[in-house]
Amino acid sequence: MQDRQRETKPRTVTCIFIFVICFSQTIYANGINRNRLDNENWNGLKLWYRQPAKEWTQALPVGNGRLGAMVFGTVETEQLQLNEDTVWAGHPLERDRVGAYKYLDEARRLIFEGKYTDAQRLVQREFMGERLLRSYQTLGDLTLRFPEGSTVNDYRRELNLDTAIASVNYRIGDTRFTRDVFSSPVDQCIVVRLSADKPAQITFNAALSRPEDFTVEVVAPDRIVMKGRATMEGEHQGVTYQAQLKVIPEGGELTVTDTGLRLEKANAATLLIVAATNYRGDDPASVCDRQLASAARKGYLELRDVHIAEHRRLFRRVALNLGHSNLSGQPTDERLVEMKGGADDPDLFALYFQFGRYLLISSSRPGCMPANLQGLWNHHIKAPWNCDYHININIQMNYWPAEVCNLSECHEPFFDLVDNLRPRGRKTAKDVYNCRGFVAHHTTDAWYWTSPIGNVGYGMWPMGAAWSCRHLWEHYAFTGDRTFLAKRAYPIMKEAAEFALDYLVEHPKTGKLVSGPSISPESRFRTPDGKTANLTMGPAMDQQIIYDLFTNCLEAAEVLEINDSFVREITAARGNLAGPQIGSDGRLLEWNEELEEPEPGHRHISHLYALYPGEQISVNGTPDLATAARKSLEYRLSHGGGHTGWSRAWIINFWARLHDSKTAHENVLALLRKSTLPNLFDNHPPFQIDGNFGGTAGIAEMLLQSHGGQLHFLPALPKAWSEGSVKGLRARGGFEVDIAWTDGKLTTATVWSLLGNTCRIRTDGPVRVTSGDKRVKITESGKNVAEFATEAGRTYLVVAEN
């Protein structure tokens, strides 16, 4: 516990609504009408079902970034499984193997000599810290028990993505009952509304519970208090928590029972649920009391209306139409079954895309914890992979849609995570590797540890911080926020680059700089003597991430007018980095030499990082490397790759970057047909939310790309989406874009210039650009590229001239 007391508090604060508003005003100051999409058709954006959820992966999620619920919708026994994003077991512990760097030279020598397994045994023994299980946990359950035995008719359960309200409607006799559930980001509470179209029909018992580590107290006349401490298997003491439920009846009689509260024959009732922990040093009881008192002063309609307005402020920024489907009127689970049977349902793709945006809004708001492996929603005490923050692909994928899908604010919790890794990351860099800067490995949790832990095969990968830094640069690339770049992003990027500089060594055969010892995440190779190993020097992903980080640091330094010894150091190092290599069979190499893959269909396709999310490989800029990447991807898929949801989602983005619309679409189909649960959650299996976010990003990438300094409209538009439109996507350089197409070809694109930067568009033919009633001068800046100057706050209409 002494280590815990010495630990500094994370650089995050409780979610506050005012901060969200201020952040939005900064981004949308330059002439964009925040309500410009209000007249779009939002009515169809609903998940709906004819029956209650029988299991957790059929329930429907609501969340305000911090506080979430899964709504089952059972008529006689309603269950709301609850989450609060800081309910974590464990506390900060020291796991660094101090002084391990004494063995670095020997490990590198063994690898360079081809003695891979000897090097791996050495690193396993001297570098790898203890793997501990400290999970993100369920807050518990609200159970509502209603009268039994009646015949139910006209049942409908739905999640309205536009209002962020989960609803249940059904009829018993001639009375229609309605339940509405939402998690308010304004009032920081979950609201449950129970009503009927006839008086005195609402009767139920309410109780709070948890699988373990809890006590319950009923506080007359109208509250239930549940509290406890998160632990794992009787140890790993974590946060203390409290949840409170308040029942506000309209008519009827409310009484206290042995297990909770009972309301009889009310006209309606509003239930308020609040929760808090001591994660940031707050007193959970005081926070709950304050939030509950504040929310209870408002009527239900006010609670609902301000919640909807705040949700729509983010959600209604992007509208997507991929064409009409004959299946649109069917329940969501039935549409999935039809799709698995071979049907194509373009409208379901649009719903899936918007569901991904909904999930990001609901699980990641400024000041909250970042979206974890399950976003916000988890019903376990001991969750799969601890429901933690895997930083070797998974959390990065969670945030791929943030900028392009016009949810820049929702990116903020990830920046907090990266920033909070720095104190321990500096210590790990120094004590384990004797390097400058800061480092993080394949995963972390709410306690921000950075050590290499567990097995070399997944844990000896010191690129987690470096990869995460790409998101800091991307935020600047999309928003042009120079203050963010100078004050927050660049200092973090610089520290990650300092570690990379110190971890690079010259390859004795080539003289090129390679990182290591390291791995290609979770993948392995066959050694010349027939054994298998993971550990090598200069794996492709390491080299690509370091190149990406150095490049982004140099671009940031240019923006900030910095030219110091650090800039000169990374300039020289980048020039001597070992780069992507093509093997004898034409594929991109995953390791620094040609090595056989025991698992050719492995779920990680790490050596294509430079294709996506990186920019080092592109169809137009590096066609030979793009061809090699395509061959690698085809080989991986031909051997069973893409069998997990998140891997399939990554593959969509790869094919979009390769401008292969047909294969990108085939993989979007495969994602929904093979890896999507009835409530549209992604199935790893088990449920992992990264595939939802990666799939959403992939659909956006098929419609708009903006890397390489160019906007490319419809770069991977499939024939199945031959007519449609998208409005509100964001592009690097500070642009917001609407696109419309007919017969698979661009008709118009509208570009809002937020920053006044020059706009470069990749075209398939001649285009005309106007702003207002004036034609805009176009200059050609390269093959199939049109360039024109813009003014901040002005709109530019791009029309294809066929």
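The values are calculated or read from the model by the stated rules, or taken from the named source; none is laboratory data. What you are looking at is a predicted structure, and each value in this text was computed from that prediction instead of being measured. Don't worry about glycine lacking a Cβ; one is built from the backbone with ideal geometry, like all the others, and counts go over all protein chains shown. Calculation scope for accessible area: heavy atoms of the full protein, side chains included, ligands and nucleic acids excluded. Shrake-Rupley method; radii C 1.70, N 1.55, O 1.52, S 1.80 Å.
Select from region 336-357 the residues that are in a loop (DSSP other than H, G, I, E, B) and of a type in the set (Asp, Glu) and write down the one among them that is surrounded by the fewest Cβ atoms within 10 Å (Cβ to Cβ).
Going through the qualifying residues, I end up with 344.
Does residue 233 satisfy the condition of being over 17 Å from residue 183 (Cα atoms), modelled with pLDDT under 95 and among the acidic types (Asp, Glu)?
Yes: the conditions hold for residue 233.
Given the conditions (1) surrounded by 16 or more Cβ atoms within 10 Å (Cβ to Cβ); (2) over 30 Å from residue 339 (Cα atoms), which single one is not true for residue 718?
(2)
Which residue pairs have Cβ atoms closer than 6 Å, lie 6 or more positions apart in sequence or on different chains, and pair a first residue in region 332-360 that is on the phi < 0 side of the Ramachandran plot with a second residue that is polar (S, T, N, Q) and at pLDDT 95 or above?
353/696; 356/692; 356/696; 359/692
I need a count of the residues in region 374-387 that are touching an Asp or Glu at 6+ places or on another chain (Cβ under 8 Å), open to solvent by 10 Å² or more (accessible area, probe 1.4 Å) and in a loop (DSSP other than H, G, I, E, B).
The total comes to 2.
Test residue 666 against the criterion of being over 17 Å from residue 712 (Cα atoms) and out of contact with any Phe, Trp or Tyr (no Cβ under 6 Å at 6 or more places or on another chain), and give yes or no.
yes
What about residue 697, is it open to solvent by less than 10 Å² (accessible area, probe 1.4 Å), within 30 Å of residue 753 (Cβ to Cβ) and under 23 Å from the mean Cα position of the chain (by Cα)?
Here the answer is yes, as residue 697 does meet what is asked.
Which is farther than 25 Å from residue 245 by Cβ and among the acidic types (Asp, Glu), of 302, 338?
Within the list 302, 338, the selection yields 338.
For region 155-199, give me the residue count where each residue is open to solvent by 20 Å² or more (accessible area, probe 1.4 Å), assigned to a strand (DSSP E or B) and either within 13 Å of residue 62 (Cβ to Cβ) or of a type in the set (A, V, I, L, M) (or both).
Total meeting the criteria: 6.
Being part of a loop (DSSP other than H, G, I, E, B), among the acidic types (Asp, Glu) and touching a Ser or Thr at 6+ places or on another chain (Cβ under 7 Å) is the filter here, so list the residues in region 755-796 that pass it.
Answer for region 755-796, where residues must be part of a loop (DSSP other than H, G, I, E, B), among the acidic types (Asp, Glu) and touching a Ser or Thr at 6+ places or on another chain (Cβ under 7 Å): just 791.
Answer yes or no: is there a residue in region 126-136 that is part of a helix (DSSP H, G or I) and over 29 Å from residue 311 (Cα atoms).
yes
For region 441-476, what are the residues that are in a loop (DSSP other than H, G, I, E, B), in contact with a Phe, Trp or Tyr (Cβ under 7 Å, 6 or more places away or on another chain) and buried (at least 24 other Cβ atoms within 10 Å of the Cβ)?
Correct list: 441, 446, 452, 460, 462.
Which of the residues spanning region 639-666 are outside any loop (DSSP other than H, G, I, E, B) and open to solvent by 10 Å² or more (accessible area, probe 1.4 Å)?
Result: 648, 661, 662, 663, 665, 666.
Would it be correct to say that residue 418 is in a helix (DSSP H, G or I), within 19 Å of residue 609 (Cβ to Cβ), open to solvent by less than 20 Å² (accessible area, probe 1.4 Å) and among the β-branched types (Val, Ile, Thr)?
yes
What pairs can you find where one residue is in region 280-300 and open to solvent by less than 50 Å² (accessible area, probe 1.4 Å), the other is assigned to a helix (DSSP H, G or I), and their Cβ atoms are less than 8 Å apart, with a gap of 6+ or different chains?
Taking only residues 6 or more apart or on different chains, the pairs are 295/303.
Of the residues 428, 483, which single one is open to solvent by 10 Å² or more (accessible area, probe 1.4 Å) and farther than 27 Å from residue 689 by Cα?
The match here is 483.
Would you check if residue 659 is out of contact with any strand residue (DSSP E or B) (no Cβ under 6 Å at 6 or more places or on another chain) and either at positive phi or modelled with pLDDT under 95 (or both)?
yes
For residues that are part of a loop (DSSP other than H, G, I, E, B) and closer than 16 Å to residue 177 by Cβ, scanning just region 57-80, find the one that is least open to solvent (accessible area, probe 1.4 Å).
Applying the filter and picking the extreme gives 73.
Tally time: how many residues in region 561-600 are open to solvent by less than 20 Å² (accessible area, probe 1.4 Å) and without any contact (Cβ under 8 Å) to a residue 60 or more places away in the chain?
4
Would you point out which residue out of 737, 726 is under 21 Å from residue 767 (Cα atoms), touching a helix residue (DSSP H, G or I) at 6+ places or on another chain (Cβ under 8 Å) and open to solvent by less than 10 Å² (accessible area, probe 1.4 Å)?
Of 737, 726, the one residue that is under 21 Å from residue 767 (Cα atoms), touching a helix residue (DSSP H, G or I) at 6+ places or on another chain (Cβ under 8 Å) and open to solvent by less than 10 Å² (accessible area, probe 1.4 Å) is 726.
Could you count how many residues in region 518-532 are assigned to a loop (DSSP other than H, G, I, E, B), closer than 14 Å to residue 120 by Cα and open to solvent by 50 Å² or more (accessible area, probe 1.4 Å)?
Residues in region 518-532 being assigned to a loop (DSSP other than H, G, I, E, B), closer than 14 Å to residue 120 by Cα and open to solvent by 50 Å² or more (accessible area, probe 1.4 Å): 2 in total.
Taking residue 54 and the conditions (1) basic (Lys, Arg); (2) in contact (Cβ under 8 Å) with a residue 60 or more places away in the chain; (3) assigned to a loop (DSSP other than H, G, I, E, B), which numbered condition does it fall short on, given that it satisfies the others?
Tallying (1) basic (Lys, Arg); (2) in contact (Cβ under 8 Å) with a residue 60 or more places away in the chain; (3) assigned to a loop (DSSP other than H, G, I, E, B), residue 54 fails exactly one: (2).
Please list, ordered by first then second residue, the pairs with beta carbon atoms under 7 Å, 6 or more apart or interchain, first in region 87-114 and in a helix (DSSP H, G or I) and open to solvent by less than 20 Å² (accessible area, probe 1.4 Å), second among the β-branched types (Val, Ile, Thr) and at pLDDT 95 or above.
These pairs meet every condition: 100/432; 107/123; 111/536.
Go through the residues of region 36-51 one by one and say whether even a single one is within 30 Å of residue 244 (Cβ to Cβ) and either modelled with pLDDT of 95 or more or not basic (Lys, Arg) (or both).
Yes: one or more hits.
Go through region 533-560 and report how many residues are open to solvent by 10 Å² or more (accessible area, probe 1.4 Å) and among the β-branched types (Val, Ile, Thr).
2
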